[in-house]
Amino acid sequence: MADIDIKDIIKEENLIYTKPKVITDTVMHYCPGCSHGVAHKLVAEVIDDMDIQDKTIGISPVGCSVLAYNYLDIDWQQAAHGRAPALATAAKRLMPNHYVFTYQGDGDLASIGAAEILHACNRGENITVIFINNAIYGMTGGQMAPTTLVGMKTATSPYGRSTELNGYPLKITELIAQLPGVAYVTRQSVHTPAAVRKTKKAIRKGFENQDKKIGTSFIEIVSTCSSGWKLSPVKSNEWMEEHMFKFYPLGDLKDSEKESEESYKKYIE
Amino acid sequence: MAKVRGAIVVDQERCKGCGICVVACPTGVIQLAKQVNGKGYNYAVMDKPEACIGCANCGQVCPDSVISVYRVKI
């Protein structure tokens with residue numbers, strides 16, 4: 001093998017992958033191995049690829065990703081807990097040529113914001129929703145969320161979630177996939193390079209759907225919370241593959257466009 | 001036969017040593033350093049630089065976007 005020095009490889013013209021331009025130099029406050037970092041990066045890459053940095057409005061939630069405005073160099077608005085879809089609706093209706101997306105966790109979207117997301121999706125707003133599901137309230141110290149698996153130990157269910165006491169885990173993505181207003185509903189993850197590439201394609205599709213005005217795009221990213229789950233980042237990924245994917249199987253749930261008005265008018269005629 | 005050689009540059013001060021890149025690397029190039037950075041994390045380093053093929057898997061899974069990947073054909 002012809003030998004080549006590392007210094008000869010590390011040159012500007014050989015660069016094939018680096019931090020996207022939209023990501024700022026601020027050090028992220030997320031714990032080591034947090035899926036938020038990858039999800040942020042994928043959104044940034046899509047914005048970079050589509051060259052829409054000055055036309056993108058992000059709505060950040062309450063949760064760990066509340067500080068997302070420090071990390072992505074686009075316009076942001078910060079919503080009250082769970083109300084990101086309502087703000088996104090306003091932003092999109094006022095500025096229909098901008099790309100509006102919400103970035104929400106499961107405590108924000110599936111719990112306190114369940115009404116907002118269901119109605120925004122039912123209205124078929126032309127927004128993209130990025131939903132990070134790690135089955136726990138990460139920011140406040142790992143409490144049980146609506147998406148927590150049965151038997152999963154959290155700070156507020158130390159003996160494991162029981163259906164008698166706490167009910168059943170909420171598959172909100174499946175609920176949303178049934179609504180007539182949504183165009184694209186998918187569930188992805190970011191634990192391996194292959195999954196990362198698939199998720200990037202899904203996010204890209206979600207943003208492109210805003211051009212076509214065909215309804216809401218909803219992208220769930222099954223994620224880890226290594227601090228909340230009390231596991232190492234690599235172990236968290238393994239735990240997620242083993243347990244989360246059984247209950248939250250990956251793949252597209254809907255890929256068409258919102259239903260036409262005519263198909264609903266027939267009931268009044 | 002055209003061979004591909006790669007190299008990575010890790011921003012050591014921003015790396016949090018989560019180790020996800022170590023698992024993602026198909027050729028086992030990356031290891032966590034024995035030394036720590038300013039924040040006390042064992043940052044990622046190229047342990048076997050000659051094995052790197054520049055596939056950019058490590059960069060794609062890195063949550064903190066600290067890895068830049070270079071690739072040449074030789």
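The values are calculated or read from the model by the stated rules, or taken from the named source; none is laboratory data. Quick caveat: nothing in here was measured; it's all calculated off a predicted structure. Because the Cβ atoms are built from the backbone with ideal geometry, glycine has one as well, and the counts that use them run over all protein chains shown. Just so you know, the surface numbers come from the protein's heavy atoms only, side chains and all, with ligands and any DNA or RNA stripped out. Shrake-Rupley method; radii C 1.70, N 1.55, O 1.52, S 1.80 Å.
Some points to look at:
- Segment A:122-147 - residue that is over 22 Å from residue A:191 (Cα atoms) and not in a loop (DSSP other than H, G, I, E, B) and, of those, most open to solvent (accessible area, probe 1.4 Å): A:123
- Residues in segment B:23-54 that are within 20 Å of residue A:16 (Cβ to Cβ), in contact with a Gly (Cβ under 8 Å, 6 or more places away or on another chain) and open to solvent by less than 50 Å² (accessible area, probe 1.4 Å): B:44, B:51, B:52, B:54.
- Of all the residues in segment A:1-54, those that are in contact (Cβ under 8 Å) with a residue 24 or more places away in the chain and either of a type in the set (Ser, Thr, Tyr) or part of a loop (DSSP other than H, G, I, E, B) (or both) number 14.
Yes or no, residue by residue, for (1) farther than 18 Å from residue A:7 by Cα; (2) at the interface with another protein chain (Cβ under 8 Å from one of its Cβ atoms):
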site: B:34; (1), (2): yes, no
site: B:44; (1), (2): yes, no
site: B:59; (1), (2): yes, yes
site: B:62; (1), (2): yes, yes
site: B:65; (1), (2): yes, yes
site: B:73; (1), (2): no, no
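- Failed criterion for residue A:111 (all others in (1) of a type outside the set (A, V, I, L, M); (2) open to solvent by 10 Å² or more (accessible area, probe 1.4 Å); (3) closer than 21 Å to residue A:203 by Cα hold): (3)
- The set of residues from segment A:148-207 being β-branched (Val, Ile, Thr), over 30 Å from residue B:54 (Cα atoms) and open to solvent by 30 Å² or more (accessible area, probe 1.4 Å) comprises A:150, A:156, A:163.
- Residue satisfying condition, being without any contact (Cβ under 8 Å) to a residue 60 or more places away in the chain and either of a type in the set (Asp, Glu) or not in a helix (DSSP H, G or I) (or both), within set A:220, A:238, A:257: A:238
- Identity of the residue in segment A:240-266, among the basic types (Lys, Arg) and out of contact with any Phe, Trp or Tyr (no Cβ under 8 Å at 6 or more places or on another chain), that ends up nearest to residue A:133 (Cα to Cα): A:246
- Residue within segment A:86-101 that is open to solvent by 10 Å² or more (accessible area, probe 1.4 Å), among the aromatic types (Phe, Trp, Tyr) and in contact with a Ser or Thr (Cβ under 6 Å, 6 or more places away or on another chain) present: yes
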